[in-house]
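First the structure, in the form of structure tokens, and then the observations on it.
Any read-out appearing in this document is the output of simple, stated calculations on the displayed coordinates, not a laboratory observation. Only a predicted model underlies this, so the values are computations on that prediction, with no experimental measurement involved. Note that we place each Cβ from the backbone using ideal geometry, even for glycine, and neighbour counts take in every protein chain shown.
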């Protein structure tokens, strides 16, 4: 693949910064909306609390939030030898199986998983029993073989009438980010979910959404700042740093997306005032635009955005209205009010944002694709902003403080 110079000349070392371990928020604040809010607009950096978010947004703005729900994706099995095996569920082994259908499977299912202590599990079936209210669940796992950098694991359980979602809810642990370097505590099961989490499927929270409370959402709505929702199921690849080989060697994770007709119509209605909550919402919305571009020259195109599509598609660029009208026409032809697909989109400096007019996000890891996405919006200003945050005691990463970036 021949990539344009805008990609090849990016040096990932330029997106490294010193993040002291004590600046990583290991636990959330007791009140979600009491976190700090770094603001950036018209070249000016400011500081406030998240509860005052409405002071910075215009009336008739649309807030787009990701309503995915984090699943209890970490399972632990003890072998008869005493060895502890961790199984981290990533996604259905059958790629065409939608996440919601995969969670509703009963009796057995095959998933792509990461393994902890894999060398101690060479063969055989693992089994554990768990209590769920008055029921005892017996869960078995069998290693089928390798799949890329993971393993295919077949799970089976009794009672068979339970769904896989119910089994994970009872047997699994919530998958905290690895950089927290701690086990989950009881409060994480509530705090590592957004208050609007609905559709199960993520192995990491859309963390910008963690700051919202029902009271704040209601106040925003009363001030004509309207929330609407999409679903992007966050994969474990979100924590994967870019290696020394650079972007051309980095394989972006594939994530499933669902977007309603109602949201697309809302995006058109509020064009010019769209604020994405979280990098997941940013990537989903920008992926939607590129799907509309593909439909311009292939009416049967599927909703699947590749990681370098914006940089390689040799087609005339469309206005936002043209692209979204293409998508709405396609949905009308298929008699569907819900668009489902996937994205691998990588947003890097040089990218021309098409949909959003601002974003709310947390502070991201050095050398990460998420930091590149921020730099694509801010330019070199990201360095000054992150330096300001470090000097002013902002808390970083998943349980940390928030930023509001406006033009």
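Some points to look at:
- Three-way shape call for the stretch 150-189 based on the alpha-carbon gyration tensor, with the a/c threshold at 1.5: oblate
- Rounded if a/c under 1.5, otherwise prolate or oblate - the stretch 73-173, Cα gyration tensor axes: oblate
- Taken along the Cα-to-beta-carbon direction at a fixed 7 Å, the label points for residue 301 and residue 54 span 4.0 nm.
- Comparing 85, 174, 360 in a Gaussian network model of the chain (Cα springs below 10 Å), the most mobile by mean-square fluctuation is 85.
- Taking the DSSP beta bridges with both ends in the stretch 254-407, the antiparallel portion is around 70 percent.
- Between the stretch 58-119 and the stretch 316-347, the alpha-carbon center distance in angstrom: 27
- Our estimate of slack between residue 219 and residue 118, defined as 0.36 nm per intervening residue step minus the Cα-Cα distance, is 31.4 nm.
- Taking the C-alpha atoms only, the angle from helix 279-297 to the longest principal axis of the chain is near 70 degrees.
- Taking the DSSP bridge list for the chain and keeping only pairs wholly inside it, about 70 percent are antiparallel.
- In the stretch 73-173, Cα pairs under 8 Å separated by at least six residues give a relative contact order of 31 percent.
- Residues 54, 309, 337, arranged from fewest to most other Cβ atoms within 10 angstrom of their Cβ, appear as 337, 54, 309.
- Between the alpha-carbon centres of the stretch 390-404 and the stretch 130-196 there is a gap of 30 Å.
- Over the chain, relative contact order from alpha-carbon pairs under 8 Å, at least 6 apart, %: 23
- Between helix 381-391 and the chain: long-axis angle, C-alpha atoms, 0 to 90°, nearest 10: 60
- GNM top mover of 184, 335, 284 - the chain, alpha-carbon springs below 10 Å: 335
- Degrees, to the nearest 10: 369-378 long Cα axis against longest axis of the chain: 10
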